[in-house]
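Report on the structure given below.
The values are calculated or read from the model by the stated rules, or taken from the named source; none is laboratory data. Predicted, not measured: the structure shown is a model, and the values here were computed from it. We place every Cβ from the backbone using ideal geometry, glycine too, and count neighbours over all the protein chains shown.
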Amino acid sequence: MRAFDYVRAGDTAEAVREAGGAETRFIAGGTNLLDLMKLEVMAPGKLVDINRLDLGGIEATGEGGLRIGALVTNSDLAADARVRRDWPVLSRALLAGASGQLRNKATTGGNLLQRTRCYYFYDRGEPCNKREPGSGCAAKDGMNRILAILGTSEHCIATHPSDMAVAMRALGARVEVEGQGSGREIALEDFYRLPGDTPHIETVLEPGELITAVILPPPAGGRQIYRKVRDRSSYAFALVSVAAVVAVENGRIAKAQLAFGGLGPMPWRDADVEDALVGETPSAALFDRAGDILLAEAKGYGGNDFKIPLTRRTLAAVLTQATEDDQ
Amino acid sequence: MQFQLDVNGERHALDLDTRTSLLDALRDHLGLTGSKKGCDHGQCGACTVMVNGRRINSCLTLACMHEGDEITTIEGLGRPDDLSPLQRAFVEHDGYQCGYCTPGQICSATAMLDEIKAGWPSNVTGDLEAQVEASIEEVSERMSGNLCRCSCYPGIVDAIRQVAKEEARA
């Protein structure tokens with residue numbers, strides 16, 4: 001690990017003030033950042049410890065939603081009685097991720113900003129445009145079994161690894177950030193950037209901007225499902241995951257909010273898929289058509305070709321479960 | 001950097017490089033070698049300790065971030081002549097072979113049983129709002145952050161469930 005300066009910030013203003021330099025990173029749980037720093041994949045010159053900031057609570061919002069402080073741990077968020085009752089897809093997604101130890105440290109803000117687990121991003125002996133812009137992408141013709149089929153570019157096919165963010169995308173969450181002198185809210189759908197030719201720039205955050213909270217809109221109701229397909233039954237990243245909030249009224253789909261993990265460089269959501277489902281009678285043919293729309297632009301790279309049929313089938317399974325009569 | 005760590009009820013003044021992980025501070029600077037370094041990347045759980053009662057991977061956190069926290073290691077849970085309930089149950093049920101992962105398993109299980117008592121659900125919990133039991137399935141899922149390369153999992157699960165039952169009766 002490279003040496004760094006360490007500053008313990010006392011409040012948000014101080015944290016933002018201390019984070020002006022390009023070589024500076026905030027540290028909260030540190031479970032991903034320190035892992036990457038040990039490998040010198042990331043080598044910040046300065047860490048601003050934000051653990052003493054007052055960003056730990058979960059509060060009801062005036063509109064009936066929740067404001068989740070950026071330092072709320074994944075464990076506390078998953079166990080929160082309101083989340084379990086009214087936003088169960090979020091609880092389920094959190095519980096499907098990582099291990100008990102990691103969920104106790106990992107925070108809401110940090111989870112959104114975790115980096116890809118692409119093998120080539122981690123391996124400093126290989127080219128990677130995300131780690132070293134302009135060096136190339138070894139994954140396209142390499143071991144890409146776990147990598148993306150949607151939203152990729154010739155420069156990067158990495159996936160975003162979060163489960164939590166997939167559920168938040170399905171729920172229509174917003175991200176509250178604080179910068180030098182001003183704050184703003186960013187819809188999660190606008191928060192991440194596609195790789196294009198700058199895969200090292202992953203979000204719309206400006207240098208020094210700090211995530212202070214995630215806002216959930218009022219409960220979406222419906223049946224909520226998080227289905228994660230992975231190589232082992234616990235403590236593994238998703239090959240494909242689906243977060244679903246689906247309601248059926250009078251035999252027709254009244255609501256379909258669907259987000260996908262393991263497929264792209266950000267938690268994926270496609271309004272055309274949802275539009276094709278709403279107002280229709282549930283059927284295998286309908287679910288297959290939704291899969292066609294979702295996967296119209298999907299591109300496999302050899303090792304991950306299997307994700308295309310796997311996604312189609314996982315979506316169909318989730319929609320079948322979500323629209324069954326007897327639940 | 002100068003800072004203090006409160007470990008197993010004792011305060012220690014330290015002057016360490018900011019890069020020092022909590023695990024390295026415990027092992028190399030405080031002589032508490034019960035916590036083990038397996039992968040050093042948060043994947044194996046051998047380094048598990050409790051911070052303010054919660055289990056974490058001590059390899060994936062910086063020692064200097066824990067000033068004011070209450071840290072409990074395996075040395076703080078029991079002694080050879082005064083074993084904790086889980087330590088005793090691991091002996092009874094052969095919950096180890098080489099023993100390298102055991103301190104992490106026991107620290108993890110100690111905090112995990114508190115998580116069940118607090119009503120935290122897991123990935124295998126059917127009803128998110130129901131009270132959970134320490135079933136084989138629940139214990140296995142909740143302990144998935146602790147690997148045992150000798151594969152003593154049946155003994156580990158039996159030991160943990162025995163203590164869960166004893167605590168439920170108490």
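Worth pointing out:
- Matching residues in the range B:5-24 - criterion: being within 14 Å of chain A (Cβ to nearest Cβ) and of a type outside the set (D, E, K, R): B:Leu14, B:Leu16, B:Thr18, B:Thr20, B:Ser21, B:Leu22, B:Leu23
- Taken as a whole, the range A:71-89 holds at least one residue that is part of a loop (DSSP other than H, G, I, E, B), free of Cβ contacts under 8 Å to residues at least 24 places away in the same chain and more than 8 Å from every other protein chain (Cβ to nearest Cβ).
- Scan the range B:114-142 for residues that are within 8 Å of chain A (Cβ to nearest Cβ), more than 18 Å from B:Arg54 (Cβ to Cβ) and loosely packed, with under 15 Cβ neighbours inside 10 Å and the total you get is 1.
- Scan the range B:52-79 for residues that are without any contact (Cβ under 8 Å) to a residue 40 or more places away in the chain, more than 8 Å from every other protein chain (Cβ to nearest Cβ) and under 17 Å from A:Leu102 (Cα atoms) and the total you get is 3.
- Total residues in the range B:92-114 satisfying the condition of being closer than 21 Å to B:Leu60 by Cα and not small (Gly, Ala, Ser): the figure is 9.
- Filter pass, A:Ala98 being farther than 14 Å from A:Leu216 by Cβ, facing chain B (nearest Cβ under 10 Å) and in a loop (DSSP other than H, G, I, E, B): yes
Listed here are the residues, each with its yes/no results for (1) surrounded by fewer than 18 Cβ atoms within 10 Å (Cβ to Cβ); (2) touching a residue at least 12 places away in the same chain (Cβ under 8 Å); (3) assigned to a loop (DSSP other than H, G, I, E, B); (4) among the polar types (S, T, N, Q).
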position	(1), (2), (3), (4)
A:Pro199	no, yes, yes, no
A:Gly208	no, yes, yes, no
A:Ile211	no, yes, no, no
A:Val214	no, yes, no, no
A:Arg232	yes, no, yes, no
A:Tyr235	no, yes, yes, no
A:Ala238	no, yes, yes, no
A:Ala243	no, yes, no, no
A:Val248	no, yes, no, no
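- The residues of the range A:101-142 that are in contact with a helix residue (DSSP H, G or I) (Cβ under 6 Å, 6 or more places away or on another chain) and assigned to a loop (DSSP other than H, G, I, E, B), listed by number, are A:Ala106, A:Glu126, A:Lys130, A:Arg131, A:Ala138, A:Ala139.
- Out of A:Asp11, A:Asp54, A:Asp35, sole residue that is at the interface with chain B (Cβ under 8 Å from one of its Cβ atoms) and modelled with pLDDT of 95 or more: A:Asp35
- Evaluating A:Gly30 against the criteria (1) buried (at least 20 other Cβ atoms within 10 Å of the Cβ); (2) small (Gly, Ala, Ser); (3) away from every other protein chain (no Cβ under 12 Å) leaves one unmet condition, (3).
- With respect to being over 30 Å from A:Ser99 (Cα atoms) and aromatic (Phe, Trp, Tyr), A:Phe260 falls outside the description.
- From the list A:Gly279, A:Gly221, A:Gly302, the lone residue that is at pLDDT below 95 and surrounded by fewer than 20 Cβ atoms within 10 Å (Cβ to Cβ) is A:Gly221.
- Test: A:Arg184 is surrounded by fewer than 20 Cβ atoms within 10 Å (Cβ to Cβ), among the basic types (Lys, Arg) and not in a loop (DSSP other than H, G, I, E, B): yes
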